[in-house]
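The structure appears below as structure tokens.
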Amino acid sequence: MNKPFKIVILGGGTAGWMAANLFANQWRQQNIQITLVESPDIGIVGVGEGSTPSLKHFFQQLNIAESDWMPRCNATYKVNIRFAGWSPASGIAQYSHPFVCQTDTFTKRDFYLNCRTRRLGLDTHVVPEDFLLNGWLAKQNKGPLAPENFPFEMEYGYHFDSHLLGQFLAEHGQKLGVIHRQEIVTSVETHDNGDIARLQCESGAHIDGDLFVDCSGFAAVLMQRTLGVKFQSYKENLFNDAAVVMPTPIKQVIPAETIATALTNGWAWKIPLTNRYGNGYVYSSDFISSDQAEQELRLHLQTLDDPQACRHLKMRVGQLEQHWVKNCIGLGLSQGFIEPLEATALHLVQVCIETFITEFESGKFTAQHQQKYNQQISERFERVRDYVVAHYKLNTRDDSEYWRVNRNNENLSDSLLNILHVWYQREDLQTEINRQQISSHFDTISWHCLLAGYGAFPPLAAKQPRQGDMYLEKSIEQFNYRCALNFSSHQSNLNQLK
């Protein structure tokens, strides 16, 4: 009998166990042994507790029902991200970035047309959430579960307790045959060619492998400490490098959206779970101290007298110069991190795992497509970075130096500069997105939500059409209204999981 091909994952948490589950599920018919090694002494960072719709497809791949995992992880549905206070000078107090679903095929063209009309200086309706069904559901606090006779595919994400999700995935992974080792790794041995050979443990055990996956967090024990892969910082684009977090009680009515509120030197998230709100303030330590940030978060949450302690976290924003080196790939925080403004952390992890599976299989389980993989993943990180950078570049706040420096920052990629140029020159944004081949990152509708949501338009022309000539077409309003009638409250959706 041939020896099994051994995959060793260093580090648990959500990233490690997502990899273990997807590998075990995909290669269950192969002679592959998967071992996950984690220290019992290292906690999970858990900065992000929200997802994009890609997590829905992750659970579908594993054939895990929402009723199996969501109650275990205090999870709720997420249809939207609402941004408050990012562009006050435009007169827009808040805007939404709803997840796009199949019904929006019938309405997004009108949104594009209205945005084009507004860029010409004509006053028309360009509120993103009014054109997209999940925007309507968020405003009405409805959940995304449609009745069986609803003919359209719905897309949505989740809010969840990341620590509990890691525990759930650990249990499921072991059911798929993943070996779970709780060990403290003291050193890493390499072969003469530089490949990683084995992990040496405090217990005296050693764990050999053919392929290693670094999920050791910001420490990047394998990718950086052992293999010496350099880190590319995004500090010149994204200033935030710290966060302070604390929970608050949840109210009886649980929203189906994340709220991202701009504060004086960063922004605060508010994520609803079934048992609490998760709150955090992402900020730049160059502009505010950790004590000042905690004070501002408590003031924002009205918890100045709350005796519970806040958690303070440091973030290293950027990516590795290479994500697959020798016989090791980096995943999660060990490969890079982009602040959680658009909840892309687990999305990037999932994309990396799925892309690796594809390239590893097509290369007959060798490193044949290593360079292609590295190019794909680096591009993915950079385009996600660009979309997040645009939130800061386009801000119209003037209450602190932090926001002014962000607005005046000229360290923008060519990709982002071209997108902004096309928008302000009243050209077709979808054509530019297609030209750059970046629709798989953030597509045309996402860019329209951001740019229209910020009010990134020229001043209105002096001469306007007669009042009523430019409006949100009644057919669109009626279409979304009638679609929304098919959906019940978010709380009703959650009750179905019990």
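The values are calculated or read from the model by the stated rules, or taken from the named source; none is laboratory data. Only a predicted model underlies this, so the values are computations on that prediction, with no experimental measurement involved. All Cβ positions, glycine included, derive from the backbone under ideal geometry; neighbour counts span all protein chains shown. Keep in mind that these areas ignore ligands, DNA and RNA; they rest on the heavy atoms of the full protein, side chains included. Shrake-Rupley method; radii C 1.70, N 1.55, O 1.52, S 1.80 Å.
Some values worked out for this structure:
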item: Enumeration of residues in region 67-87 that are in contact with a Lys or Arg (Cβ under 9 Å, 6 or more places away or on another chain) and surrounded by fewer than 17 Cβ atoms within 10 Å (Cβ to Cβ); result: SER67, PRO71
item: Residue match in region 244-257 (condition: of a type in the set (A, V, I, L, M, F, W, C), free of Cβ contacts under 8 Å to residues at least 60 places away in the same chain and touching a helix residue (DSSP H, G or I) at 6+ places or on another chain (Cβ under 7 Å)); result: no
item: Residue in region 289-300 that is in contact (Cβ under 8 Å) with a residue 40 or more places away in the chain, assigned to a loop (DSSP other than H, G, I, E, B) and open to solvent by 20 Å² or more (accessible area, probe 1.4 Å) present; result: no
item: Options GLY166, GLY157, GLY217, GLY204; residue that is touching a strand residue (DSSP E or B) at 6+ places or on another chain (Cβ under 9 Å) and either open to solvent by less than 30 Å² (accessible area, probe 1.4 Å) or at pLDDT 95 or above (or both); result: GLY157
item: Options LEU10, LEU22, LEU55; residue that is open to solvent by less than 10 Å² (accessible area, probe 1.4 Å) and either of a type in the set (Ser, Thr, Tyr) or over 24 Å from LYS139 (Cβ atoms) (or both); result: LEU22
item: Qualifying positions in region 266-287 - open to solvent by 20 Å² or more (accessible area, probe 1.4 Å) and in a loop (DSSP other than H, G, I, E, B); result: THR274, ASN275, ARG276, SER285, ASP286, PHE287
item: Leading residue by the ranking (most open to solvent (accessible area, probe 1.4 Å)) among those in region 357-373 that are of a type in the set (Gly, Ala, Ser) and not in a helix (DSSP H, G or I); result: ALA367
item: Residue count, region 400-424 (criterion: open to solvent by 80 Å² or more (accessible area, probe 1.4 Å) and either aromatic (Phe, Trp, Tyr) or touching a Ser or Thr at 6+ places or on another chain (Cβ under 6 Å) (or both)); result: 1
item: One residue from PRO147, PRO128 being modelled with pLDDT under 95 and under 28 Å from PHE487 (Cβ atoms); result: PRO147
